[in-house]
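Here's the structure, in C-alpha cells; my notes come after.
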Amino acid sequence: MSQGVSSKTTSERKVAMILLFFVGVIVFIGAVAVAFESGNLMASEEIGRGEAIFYVSQEYISIAMFLTLAILLFSGYPVAFILGGLSMLFGMLGYYLDMFSLIEFFNFVPRIWGMAAENLVLVAVPAFVYMGVMLERSGIANDLLYCVQVLLRRVPGALALAVTVMGTILAAMTGIIGASVTMMTALALPTMMRQGYSHALATGVIAASGTLGILIPPSIMLIIMADLMAISVGNVFMAAVVPGLTLAAFYLI
C-alpha cells in the first residue's frame, strides 16, 4: 500500500515539474514578445534602405529573466542547470539584441583578476569556506549537536531546539549558508526522522536555522555587500547582530 502511494506521489511530482517547466517556457516567450512589442520599431534613416531596428528595453528582459528563473526554480529541476541554461539563453538574447558586445565575455577573467583577486576585503571569503569544511570533516559539528541536545533534553522538542541553536552557532562560525545547511542535514535530519519528527517540520527547522548564516556576523554576504557599497565591514557586522539574534530567538519560540 505504501509503495503504491509513494509511486503515485512521485508520478504527481514529475507531472508538476513538467507543467511548471512548460509554464516557465511560455512565460519566457510571452515576456520576450511583450518586450519586443513595447520597443520602438524604427526605420533606419541613415542607411536609407528601409531597414527596421528593434529597440527593446533592458528592464523587460530583466523581468522576463526573473519570472522564468522563479518558475523554473519551483519546478524542482537542478538549480545548476537552471542558472547555467538561463544565463546562456539570455546572454545569446542580449547579444542578438545588441545590448552588449561579445568582447565583454572575454574581459570576464581579467575583471576577476583585477578586481576580486586583489581586493583585501574579499580575502576573508575563502577563509570562511575553509572553516566550514574543517567543522564538517573534524566532527566538531556532530559533538556540538549532541552537547546542545543533552543540555535541552528536558525541554519539549529538544532536538528541534538543538538544531536551531546549532544553526545559530554555526552561522557565527562559518558565515555561509551552504556549510550550515549541509552539515545539519547530514547530522540532524536522520536523527529527527528516527525520533518521529515529520519530514516537513524537520526540513523546515534545518532550512530556517541554516539561513541564519547570511545574517549573523561574520557573514560572507555581509562582507561582499560592504565591499560593493564601499562602507565599513565592522559597521555592517554591528548592524546585523541584533536582527540575526532576534530572528534566532523567534525561531526558538
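The values are calculated or read from the model by the stated rules, or taken from the named source; none is laboratory data. These numbers were taken from a predicted model, which means no experiment stands behind them. Note that each Cβ is placed from the backbone with ideal geometry, even for glycine, and that neighbours are counted across all protein chains shown.
Brief remarks on what is shown
So that you can scan it fast, the table gives a plain yes or no per residue for (1) farther than 12 Å from residue 145 by Cβ; (2) assigned to a helix (DSSP H, G or I):
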{"position": "162", "(1), (2)": "no, yes"}
{"position": "170", "(1), (2)": "no, yes"}
{"position": "183", "(1), (2)": "no, yes"}
{"position": "196", "(1), (2)": "yes, no"}
{"position": "212", "(1), (2)": "yes, yes"}
{"position": "241", "(1), (2)": "yes, yes"}
{"position": "249", "(1), (2)": "yes, yes"}
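- Verdict on residue 207 being touching a Leu at 6+ places or on another chain (Cβ under 8 Å) and assigned by TED's automatic domain parsing to the domain that holds residue 149: no
- Given (1) surrounded by 12 or more Cβ atoms within 10 Å (Cβ to Cβ); (2) at pLDDT 75 or above; (3) farther than 20 Å from residue 213 by Cα, number of the condition residue 153 does not satisfy: (1)
- Residue check for residue 90: at pLDDT below 70 and more than 29 Å from residue 197 (Cβ to Cβ): no
- Applying a threshold of 6 Å to beta carbon distances and a minimum spacing of six or more residues, or different chains, the list of pairs starting in the range 181-199 at a residue that is hydroxyl-bearing (Ser, Thr, Tyr) and ending at one that is crowded, with 18+ Cβ neighbours inside 10 Å reads 185/206.
- Condition broken by residue 206, with the remaining ones in (1) part of a helix (DSSP H, G or I); (2) crowded, with 18+ Cβ neighbours inside 10 Å; (3) over 19 Å from the mean Cα position of the chain (by Cα) satisfied: (3)
- Checked against the criteria, residue 173 counts as surrounded by 16 or more Cβ atoms within 10 Å (Cβ to Cβ) and touching a helix residue (DSSP H, G or I) at 6+ places or on another chain (Cβ under 7 Å).
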